[in-house]
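Okay, structure first, notes after.
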Amino acid sequence: MEIAKYEDIKIGQYAEYVRTVTSEDIEMFGQVSGDYNPLHFNEDWAKTTMFKGRIAHGLLTATYVSTVIGMKLPGPGTIYISQNMKFRRPVRIGDKITARVEVMEKK
């Protein structure tokens, strides 16, 4: 993988990362983050909530944006300094998530 040169990046260019969320993903994210909220780990308890079952950590899915930026567009060596997000729906085990990054402007 090679980092894109600034002059080669075009408006409208995009890259995606697609992943199906697994129970193992949630477990590993809990280990790394220390977030063992029962909403993510206890199906019986999670069924009593508004979500009616276990859901993935929101920030687990947000990291997929970092994957696109750091591995695909622009690519390895890239760091970004800001991310705004809004969680619209819960992500459940077995859900297929697509993180898409698109070049809107160049400064």
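The values are calculated or read from the model by the stated rules, or taken from the named source; none is laboratory data. Owing to the predicted nature of the structure, the values given are computational and were not obtained by experimental measurement. Note that we place each Cβ from the backbone using ideal geometry, even for glycine, and neighbour counts take in every protein chain shown.
Observations on the model:
- The residues listed here are I3, I69, I81, I26; of these, the one that is out of contact with any Gly (no Cβ under 6 Å at 6 or more places or on another chain), aliphatic (A, V, I, L, M) and in contact (Cβ under 8 Å) with a residue 40 or more places away in the chain is I26.
- Here Y64 clears all of (1) touching a Leu at 6+ places or on another chain (Cβ under 8 Å); (2) surrounded by 14 or more Cβ atoms within 10 Å (Cβ to Cβ) except the condition numbered (1).
- Look at (1) loosely packed, with under 15 Cβ neighbours inside 10 Å; (2) touching an Asp or Glu at 6+ places or on another chain (Cβ under 6 Å) and you find that K107 fails only one, number (2).
- Residue, farthest from I26 (Cα to Cα), within segment 64-107, restricted to residues that are assigned to a helix (DSSP H, G or I) and of a type in the set (G, A, S): G70
- Check on D25, of a type in the set (D, E), under 17 Å from the mean Cα position of the chain (by Cα), at pLDDT 95 or above and not in a helix (DSSP H, G or I): no
- Test: residue in segment 55-62 that is farther than 22 Å from E24 by Cβ, modelled with pLDDT of 95 or more, among the aliphatic types (A, V, I, L, M) and not in a helix (DSSP H, G or I): no
- For segment 44-73, filtered to residues that are of a type outside the set (K, R) and over 17 Å from the mean Cα position of the chain (by Cα), the residue that is nearest to S23 (Cα to Cα) is G53.
- Residue in segment 35-44 that is loosely packed, with under 13 Cβ neighbours inside 10 Å, in contact with a helix residue (DSSP H, G or I) (Cβ under 7 Å, 6 or more places away or on another chain) and modelled with pLDDT under 95 present: no
- When Q13 is tested against the conditions (1) in contact (Cβ under 8 Å) with a residue 24 or more places away in the chain; (2) over 21 Å from the mean Cα position of the chain (by Cα), the lone failure is (2).
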